[in-house]
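Participant: This is the structure I have questions about; it appears just below.
Just so you know, all these numbers are worked out from the coordinates, no wet-lab data involved. Because the structure is predicted, anything quoted here is derived from the model rather than measured. Backbone-built Cβ (ideal geometry, glycine too); neighbour counts: all protein chains shown.
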Ligand SMILES: Cc1cc2nc3c(=O)[nH]c(=O)nc-3n(C[C@H](O)[C@H](O)[C@H](O)COP(=O)(O)O)c2cc1C
């Protein structure tokens, strides 16, 4: 559905609903598996079709999964810059987990679970702030 959508004005209804949900959300979790040292093309395509104005001032937690530790900084060097383009506030703590840290799609690492808790606390803090006028104008 998303992969075959190439135009702003020609979304299938189901995709419009997803974009509406993103627009209505207070808190976003922007997450991707790492593919070839980057976030996926599908995630990029999702953001490429998004009006840059609709996420201004929102809060996001950034997360990625990968096969190794080698690309853990994808969250900070790539997802964070993507969020900045959209004027989204990101929590300073980002989440990165390897496949080996999941069992049956459940996170088993205590240290990463702790990071998730910290990121959620930071997001709640950011959500309480009032956006500066420059962002709402
Ligand atoms: C095409 C492809 C490219 C990948 N490239 C990387 C990579 O560059 N670095 C890495 O750490 N893991 C890499 N992986 C491993 C995935 O990031 C990891 O298995 C991920 O958790 C898969 O999530 P998924 O099952 O939702 O696709 C790659 C996997 C695939 C399928």
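Participant: Go ahead and set up a Gaussian network model of the chain, Cα springs under 10 Å, then flag whichever of 35, 105, 96 fluctuates most.
Facilitator: It is 105.
Participant: Have a look at 95, 18, 30 and tell me which one the Gaussian network model of the chain (Cα, springs below 10 Å) gives the largest fluctuation.
Facilitator: 18
Participant: Could you list 114, 98, 106 so that the one with the fewest beta carbons within 10 Å of its beta carbon is first and the one with the most is last?
Facilitator: Values: 114 11, 98 16, 106 7.
Final ranking by Cβ density, sparse to dense: 106, 114, 98.
Participant: Now for a different question. Based only on Cα atoms, what Rg/Rh ratio does the stretch 1-42 have, Rh being taken as Kirkwood's radius?
Facilitator: The Rg/Rh ratio comes out at 1.03.
Participant: Under 8 Å for C-alpha pairs, at least 6 residues apart: give me the relative contact order for the chain, rounded to a whole percent.
Facilitator: After rounding, I find 23 percent.
Participant: Counting other beta carbons within 10 Å of each residue's own, what order do 40, 91 fall into, fewest first?
Facilitator: If I rank by nearby Cβ atoms, fewest first, I get 40, 91.
Participant: If you average the sequence gap of Cα pairs under 8 Å that are 6 or more apart and divide by the length of the stretch 78-137, what percent do you get for the contact order?
Facilitator: On the way: 29 pairs, mean separation 19.9, N = 60.
Relative contact order here is 33 percent.
Participant: Can you pull the percent of Cα pairs in the stretch 23-129 with separation above 24 Å?
Facilitator: Cα-Cα pairs in the stretch 23-129 separated by more than 24 Å: 22 percent.
Participant: Tell me, 101, 24 in order of fewest to most beta-carbon neighbours within 10 Å?
Facilitator: Sorted ascending by nearby Cβ count, the order is 24, 101.
Participant: Here is a further query. Antiparallel as a % of all DSSP beta bridges within the stretch 23-129, to the nearest 5?
Facilitator: Around 20 percent antiparallel, to the nearest 5.
Participant: Only Cα pairs under 8 Å and at least 6 apart count here; give the relative contact order of the stretch 45-122 as a rounded whole percent.
Facilitator: 33
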